[in-house]
Amino acid sequence: MLCLKQIAVVSLAIFMGTALAGEQDVLELSDDDFSTRVAEVETTLVMFYAPWCGHCKRLKPEYAKAAELLRGDDPPIALAKIDCTEAGKETCGKFSVSGYPTLKIFRNGEVSQEYNGPREAAGIVKYMRAQVGPASRDLLTLEALDNFLAVPEAAVVGLFKKETDLKGVFLKYADKMREKLRFGHSSAAPVLEKYGESDAILLFRASNLHNKFEENYLKFDGSDVGELTQFVRKNLHGLAGHRTRDAVPEFHNPLVVAYYNVDYVKNAKGTNYWRNRVLKVAKEFKDKLTFAISAKDEFQHELNEYGYDYVGDKPLILARDADNQKFIMKDEFSVENLQKFATDLLAGSLEPYIKSEAVPEKNDGPVKVAVAKNFKELVTNADKDVLVEFYAPWCGHCKKLAPVYDELGEKLKGESGVQIVKMDATANDVPPQFEVRGFPTLFWVPKDNKSKPVKYEGGRELDDFVKYIAKHATDELSGFDRSGNTKKSEL
């Protein structure tokens, strides 16, 4: 007779077996079978999508890969999707889906919560595994612990002979961080004997990142959740961690990254060949610099920020200092060259890399053209108030604003205390104090407070700009009063 857990696994196999070819681990649902199918497995992640949606197209391969990685999990986790433009219109309406993709977690057929986790395969897997069962797995045998640690992911393990205050700290932290880390605990005598501990919390680094330059695990020596949080944050990735898209926020400046063909699935030996050389240097700069390795294909957008479209067989070294300035190791990768680069980075003797268009030969129009190389001259060091627009050439809203902005420049060209500036933010580095998340974005930069630009949130018509500038100008405009009205000429 099958137990409930076996029935669930069999149900999942049937569930997955109906998937479309090429994505056999993701179930394609419709209005007709949605309710029955999501009820067959205790935990189901559903993607509500539209075929034309660009974000959906980017998510689909990661979603399918995550489903493949979750195949055979116990307790089982199902990944499904439903087309909101065709066979799933009614269901999408029922769950108030208004944007794509929308992801929701269902438990026993009922919607449980919105999915707010990562959008890449490894992150999806980690997030969903944290949704099932207790926050920490009870490891009853030494074999169970070994299998738990064999997974190529970091883990926090508590070893407790009896109930203690430290165990309470461990369980609180596990509950808090269950969506980001894997947790296990054990009171089994063989486990305690192997590690020589009876009341301890150990941080185990991912098995595929073990190396001869650092310990595979570390012991926590604090006493509360705050200290445990800091301990894990500081030591999780070791001397040179594997920096994925999902883990980017966990690596802090000053940061040195080696970009190359990082692939722990198909080429772990080749991946560690180069990582070991990075580790050798990283050990010398422990607590002074953060080192990491990243897959060049996964971070093409970052390579583009440094002017690179291609990385050869050897790692490319790129860095950011504490002020987020960018630096490139131009010499071919070697341990010696990386040592020198890291030393010079700390000493502040490297020339920062700035992505910039060429400075215009003529720039005497009513709207000045800024590029990264002349931005300080036109904006941050200019002895004038400046209104600066950050735009993208392909942006429809920017194109609509362009004639108005040109007219504004023409209208204020006689004002010696104000400068109207624009910059293509896709072709030039934007200084960090200007937070540009969409286009166009405009900032008002007063001449007496250049360090605190003010985001312009006003209207986009000519009169809106004139009234704003007239009101906020450091010195009253010569042609307009503070209300933006044209001053009458004296007879």
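The values are calculated or read from the model by the stated rules, or taken from the named source; none is laboratory data. Fair warning: this is a prediction, and the values are worked out from it, not measured in the lab. We place every Cβ from the backbone using ideal geometry, glycine too, and count neighbours over all the protein chains shown. The protein model used for the area step is the full one, side chains on, heavy atoms only, and it has no ligands, DNA or RNA in it. Shrake-Rupley method; radii C 1.70, N 1.55, O 1.52, S 1.80 Å.
So the values come out like this:
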item	result
Between the stretch 351-398 and the stretch 124-177, the alpha-carbon center distance in angstrom	52 Å
Cα shape, the stretch 378-485, gyration tensor, a/c 1.5 rule	oblate
Percent of Cα pairs exceeding the 14 Å cut-off, where the set is the stretch 358-414	61 percent
Cα gyration tensor shape for the stretch 261-345, rounded if a/c is under 1.5, else prolate or oblate	oblate
Computed lengthening from residue 216 to residue 276, 0.36 nm per intervening residue step minus Cα-Cα distance	20.2 nm
Relative contact order computed over the stretch 87-176 (Cα-Cα under 8 Å; 6+ residues apart), in percent	16 percent
GluC sites (Glu not before Pro) restricted to DSSP loop in the stretch 161-229 with at most 11 other C-beta within 10 Å	163
Distance between modelled label sites at residue 223 and residue 24, nm, 7 Å Cα→Cβ extension	5.7 nm
Evaluated over the chain, the Cα radius of gyration and Dmax, each in Å	28.3, 105
FRET efficiency, residue 55 to residue 457 (Cβ-Cβ, R0 35 Å, nearest 0.05)	0.85
The stretch 247-324: relative contact order in percent, alpha carbon pairs under 8 Å with at least 6 residues between	52 percent
Nearest-0.05 FRET efficiency for residue 39 and residue 322, computed from C-beta distance (R0 51 Å)	0.45
Proximal charge balance of residue 342 [Cβ under 9 Å; K/R count +1, D/E count -1]	0
In the stretch 383-453, the GluC sites (Glu not before Pro) that fall in loop regions by DSSP, at most 12 other Cβ within 10 Å	435
DSSP-assigned coil residues among trypsin sites (Lys or Arg not before Pro) in the stretch 23-99, each with at most 16 further Cβ atoms within 10 Å	71
Protein-only accessible surface order, largest first, of 239, 27 at 1.4 Å	239, 27
Expected 222 nm ellipticity per residue - DSSP helices of 4 or more, -39500 (n - 2.57), all of the chain, to 500	-9500 deg cm²/dmol
With at most 10 neighbouring Cβ atoms within 10 Å, loop chymotrypsin sites (Phe, Trp or Tyr not before Pro) (DSSP) excluded, longest segment of the chain	53-309
Label point distance in nm, residue 354-residue 230, each placed 7 Å from Cα along Cα→Cβ	3.8 nm
Heavy-atom accessible surface of the stretch 409-491: percent carbon and sulfur, 1.4 Å	44 percent
